[in-house]
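Below you'll find the structure, written out as structure tokens, and then a few comments.
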Amino acid sequence: MQANQPRKKKVNYNSGERLSPWRESLNSIIFGAETRAGKSFDIVLIITIALSVLAVMLSSVEAFYQQFSWLFFYTEWGFTLLFTCEYILRLISVRQPKLYACSFYGIIDLLSILPTYIGLLLPGIKYMLIIRILRLLRIFRIFKLAEYVDEAETLITALKNSSQKILVFLYAVLTLSTVFGSILYVVEGSASGFTSIPKSVYWAIVTLTTVGYGDIAPQTPLGQIIAAAIMIMGYGIIAVPTGIYSAELIKSYRPWQISNEACPNCGKIGHDTDADFCKYCGGSLEQFE
């Protein structure tokens, strides 16, 4: 009879299970902003991201690209390979890589490297590498500005809470634009540039939002009267979403302090200073020595 084999212990990552020592060290460097090594890593990363964004922008200038196309090619692939290695290390250094990969920063990190690889099939898409500039949001954590992350969450919460009211408002604006555009199409006709209802609706939207490109303008007295009414109405309408959002912003404001440390489980920041568990994934926020 075969001896009973010891059962392998099931690891529960959410319970604060330790990472292996080298993964703990890697996590402290990549996600930590309090240690000297972690802060140095983040500063170098920020500088590298800024240089890569600058390179993408300069490569779109025809005069520069024609003269230094070879340099832009190697620079683009160099930055991409570097960020690819960094992305893989981030996945390795957290307890649950899937949580980090599905997080905001995880998605941005992935999107910042994909365009170069996709560019092998669709060359024009490489300019989407400019999305790397979103990675500079980490500067708030690096320079101990985590409080601003909480303020950003307050803005997002207010926007979510006011989304239904704003959608109703946008529907009303779209309805008014369709009605006024149709009226101007009937009043002005193609002689004044209102050649179709969709084009007239475009004019009504531009006028109602007080943008006023001037590419189309009513010529008849009645059309000008209607246009003047739409312009005046536009000034009143602009204040509506601002008031809705401001009211929700006041309700969503939370004055408490948050921590500057990243969750070792999913890599997200923005936790309360007295929190023991991550509010995003539920993992332990215990900092290992």
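General observations
- Centroid-to-centroid separation of segment 43-112 and segment 214-229 [C-alpha atoms, Å]: 50 Å
- Built amide H within the under 5 Å cut-off of Phe277, gap 5+: Leu285
- Distance violations [Cα-Cα > 30 Å] among Lys126/Lys268; Lys160/Lys268; Lys165/Lys199; Lys126/Lys160; Lys126/Lys279; Lys39/Lys160: Lys126/Lys160; Lys126/Lys279; Lys39/Lys160
- Summary value for segment 13-142: 29 percent relative contact order, contacts being C-alpha pairs under 8 angstrom separated by 6+ residues.
- 3J(HN,Hα) couplings calculated from phi for segment 211-223 with the Karplus curve 6.51 cos²θ - 1.76 cosθ + 1.60 (θ = phi - 60°) are, in sequence order, 6, x, 5, x, 6, 10, 8, x, 10, 7, x, 5, x Hz; Gly and Pro show x.
- Largest-first ellipsoid semi-axes for segment 62-104, taking √(5λ) over the Cα gyration tensor eigenvalues, angstrom: 34, 10, 4
- Backbone geometry of segment 110-122 corresponds, through the Karplus equation with coefficients 6.51, -1.76 and 1.60 at θ = phi - 60°, to 3J(HN,Hα) couplings of 5, 5, 6, 10, 4, x, 5, 6, 5, x, 5, 9, 10 Hz, x marking Gly and Pro.
Each reported figure results from applying straightforward, stated rules to the coordinates on display, with no laboratory input. All figures in this text were calculated on a predicted structure; none of them were measured in a lab.
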